[in-house]
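Data first, discussion second: the structure below is written as structure tokens.
Please treat every number below as a calculation from the coordinates, not as lab data. From a predicted model like this one, the values you see are computed outputs, not experimental measurements. Methodologically, a virtual Cβ is constructed for each residue, glycine included, from the backbone with ideal geometry; neighbour enumeration extends over all protein chains shown.
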Amino acid sequence: MVSLETPVCEFGLPAPDFSLPGVDGKTWTRDACKGPNGLLVMFICNHCPYVQAVRDRIVRDARELAELGVGVVAIMSNDPTDYPEDSFDNMRQVAQEYQFPFPYLLDETQQVAKTFGAICTPDFFGYNGQLELQYRGRLDESRKEAAPANVRRDLFEGMKQVAETGQGPAQQIPSIGCSIKWKESTAP
């Protein structure tokens with residue numbers, strides 16, 4: 001398992017569009033996921049211990065961000081051939097078990113992950129209401145185990161600032177996680 005750290009936020013970068021199938025049976029686009037005050041795009045998966053450690057916090061933050069007018073979407077881009085835990089059926093089960101309050105989408109071709117520049121799970125891309133990148137940091141201090149409950153909620157606080165001002169925090173701590181499991185034919 002390779003752990004990677006996300007790059008620094010490229011403020012103002014436009015949010016790429018996408019059209020992907022969700023575990024709810026619908027096809028979702030960027031604009032269908034966007035809220036009036038922004039959009040949080042999360043690249044996650046089922047098998048990654050970094051994601052497993054914070055799934056409950058991701059759900060909590062997504063619910064609270066929705067109240068602030070920020071739309072949230074999760075995209076799974078791993079190759080499920082080598083990681084069957086990340087299959088579409090298993091994605092559906094995890095979304096139901098954790099009551100995901102956001103669409104959970106399959107990026108089967110891995111093109112969306114490449115277009116965004118996603119490199120790991122979890123990888124967070126926070127956009128303002130004009131769909132300009134304002135956050136590319138971590139959820140909180142958690143790694144393969146959840147950090148204590150009272151730690152600073154970096155992602156939530158950053159996206160709250162984006163929702164209120166249209167701009168993200170100048171200082172952001174990179175997210176860390178498992179590398180996206182690329183198909184041999186699509187590896188960057």
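General remarks:
- Rotationally averaged projected area of region 1-98 (alpha carbon convex hull; nm²): 7.2 nm²
- Residue range of the chain that is longest and free of chymotrypsin sites (Phe, Trp or Tyr not before Pro) which are both DSSP loop and sparsely packed (at most 16 other C-beta within 10 Å): 12-97
- Estimated FRET transfer efficiency when R0 is 30 angstrom, pair I173-Q111 (beta carbons, to 0.05): 0.60
- Rounded, prolate or oblate (a/c below 1.5 giving rounded, otherwise prolate when a/b exceeds b/c) for region 70-128 by Cα gyration tensor: oblate
- Under DSSP loop assignment and at most 16 Cβ neighbours within 10 Å, longest GluC sites (Glu not before Pro)-free interval of the chain: 11-107
- Here the simple spin-label model places points 7 Å from the Cα toward Cβ, and for D82 and E164 these points are separated by 4.4 nm.
- Pairs spanning more than 26 Å between alpha-carbon atoms, out of K160/K181; K144/K183; K26/K160; K34/K114: K160/K181; K26/K160.
- Taking Cβ atoms as reference points and 10 Å as the exclusive limit, the residues near M42 contribute a net charge of -2, counting Lys and Arg as +1 and Asp and Glu as -1.
- Relative contact order %, region 1-139, counting alpha carbon pairs below 8 Å whose residues are six or more apart: 39 percent
- The spacing between region 151-168 and region 38-77, judged by their C-alpha centroids, is 14 Å.
- Shown is the FRET efficiency for E157 and E5, computed with R0 = 25 Å from the Cβ-Cβ distance and rounded to the nearest 0.05: 0.80.
- Check: region 133-188 dipole with +1 on Lys, Arg Cβ and -1 on Asp, Glu Cβ, in debye: 160 debye
- Stokes-Einstein diffusion of the chain at 25 °C, 0.890 mPa s viscosity, Kirkwood radius from Cα pairs, rounded to a whole number: 153 µm²/s.
- Once the C-beta distance of E64 and E184 is scaled by a Förster radius of 35 Å, the resulting FRET efficiency is 0.35 to the nearest 0.05.
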